[in-house]
Amino acid sequence: MKTINYITNLNVDQFSGGWSAMNHHIYLQLKKYFDINLIQNVDPSYSFIQKVQSKIFRSINLRGSFPAFTNKRLAKIGKIVTAECRPADLNFFHGCTPWVAIQSSIPYAVYLDAPFASYIDIYHKRSSYNKKQINHIIQRETTFLGKAMAVFFSSQWALNETKVQYGLAGDNFYVVGLGGGFDPTLPNQSKDTDRYFLFVSHDFYGKGGEIVLKAFSELRKDYPALSLKIVGQKPPVKFLDYPGVEYLGLFDKTKKDEAARLLEVFQKAWCVLLPTSKDITPLVLIEAGFAGCPAIAANSFGIPEIVKDKQTGILIDKDKMEKLLYDSMSLLCSDHLLRDQLGERARKHMMENYTWDNTGERVFQILSAIN
């Protein structure tokens, strides 16, 4: 196998975190092993009216829809991709749902962090959307994934979810993991200069921002010098008024100076906090680990594969999230040696298990063995 059509609805050169970063790095890894025909920005417009209508329907307890995944738009995507594909040994799709109408004339592979069914259950309320459309999309994804030569997952959790949700045997499923965006060979920095916890998110409420602020405000009563720094989406003003809270803004990791500043924020932090209720395999935990920053994170989704409880960080169950977060933060404030040990082990764990080079090598070896 020598040539690949790499197909994505994003731009491989524009990334921040999460899905766009996965797209960027998977593409770069494949370029190391194959000749690539890049088919990117496959994102035809869809009805703004339908989008607004869906939102209105949901606001009055009627079922909305997904205009991005209508049969008409999916067929249009298929025509665009088919026209841009060149003779190749493999079509490689970043993600799944946008491509389900494509009848690939050659073998194809997929990189996936979670299927549509899991995405709906995590980020939306399934009962708020058209049941017929959801079932239709899931049926098409089932066929698409089942016929793939290989489906590569970022986590074992996502692989298991897909098998259960779609009733697939998963004989063509493989876990290849993911990586972080920082150079793992960079030296770590001392934690003695600052005393702050860190919250990084593009979804303040979904990632547990309110829980973080409440736990932090209680903890600060015992540790008045403690501070919390926030990166990403700007929190509501009422939270920015909390004593000790500092909003650092957004960082563009495609710019070297901003990426370096973000790395320093991670390196100096005592711990990154992620009591999330909406997640899959959060890259922020890997990037924090590379910087020697342990995590206190939800014991859900693919997180327990990234954070090893009491070894590289602390996992907290959703039933008592706020109390457990407070207790864990308090523990690290009182036991600096434990915090440093968790950070050192987190860095070692990420360097050994969560690099994009590792992921790229796994994908290449699997494709070579299948071919």
* Asked: Can you find a residue in the stretch 70-88 that is acidic (Asp, Glu), over 21 Å from Lys278 (Cα atoms) and crowded, with 21+ Cβ neighbours inside 10 Å?
  -> no
* Asked: Any idea which of (1) assigned to a loop (DSSP other than H, G, I, E, B); (2) modelled with pLDDT of 95 or more is the one Ser105 doesn't satisfy?
  -> (2)
* Quick one: which residue in Phe182, Phe204, Phe144, Phe153 is at pLDDT 95 or above and closer than 23 Å to Leu273 by Cα? => Phe204
* To do: Take the residues in the stretch 234-248 that are within 18 Å of Phe266 (Cα to Cα) and buried (at least 17 other Cβ atoms within 10 Å of the Cβ), then tell me which one is nearest to the chain's Cα centre (by Cα).
  => Val245
* To do: Of the numbered conditions (1) closer than 28 Å to Ala158 by Cα; (2) surrounded by fewer than 20 Cβ atoms within 10 Å (Cβ to Cβ); (3) at pLDDT 95 or above, Thr254 fails exactly one; give the number of that condition.
  => (3)
* Among the listed residues Leu285, Leu248, Leu273, which satisfies the condition of being touching a residue at least 12 places away in the same chain (Cβ under 8 Å) and assigned to a helix (DSSP H, G or I)? -> Leu285
* Structure fact -> Residue hits (the stretch 108-134; open to solvent by 10 Å² or more (accessible area, probe 1.4 Å) and in a helix (DSSP H, G or I)) are Tyr119, Asp121, Ile122, Tyr123, Arg126, Ser127, Ser128, Lys131, Lys132, Gln133
* Can you tell which of Lys253, Lys221 is outside any helix (DSSP H, G or I) and in contact with a helix residue (DSSP H, G or I) (Cβ under 7 Å, 6 or more places away or on another chain)? -> Lys253
* To do: Considering only the stretch 130-184, state which residues are of a type in the set (Val, Ile, Thr) and within 18 Å of Pro98 (Cβ to Cβ).
  => Ile134, Ile137, Ile138, Thr142, Thr143, Val151, Thr162
* Positions within the stretch 22-49 being under 13 Å from Tyr111 (Cβ atoms), touching a residue at least 40 places away in the same chain (Cβ under 8 Å) and buried (at least 20 other Cβ atoms within 10 Å of the Cβ), in sequence order -> Met22, Asn23, His25, Ile26, Tyr27, Gln29, Leu30
* Working carefully through the options Lys310, Lys323, Lys318, find the one that is surrounded by fewer than 17 Cβ atoms within 10 Å (Cβ to Cβ) and within 21 Å of the chain's Cα centre (by Cα). => Lys318
* When residues of the stretch 263-279 are limited to those that are among the hydrophobic types (A, V, I, L, M, F, W, C) and open to solvent by 10 Å² or more (accessible area, probe 1.4 Å), the one farthest from Met22 (Cα to Cα) -> Trp270
* When you scan the stretch 325-352, how many residues do you find that are out of contact with any strand residue (DSSP E or B) (no Cβ under 7 Å at 6 or more places or on another chain) and among the small types (Gly, Ala, Ser)? -> 3
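The values are calculated or read from the model by the stated rules, or taken from the named source; none is laboratory data. What you are looking at is a predicted structure, and each value in this text was computed from that prediction instead of being measured. Backbone-built Cβ (ideal geometry, glycine too); neighbour counts: all protein chains shown. Heavy atoms of the whole protein, side chains included, go into the accessibility calculation; ligands, DNA and RNA do not. Shrake-Rupley method; radii C 1.70, N 1.55, O 1.52, S 1.80 Å.
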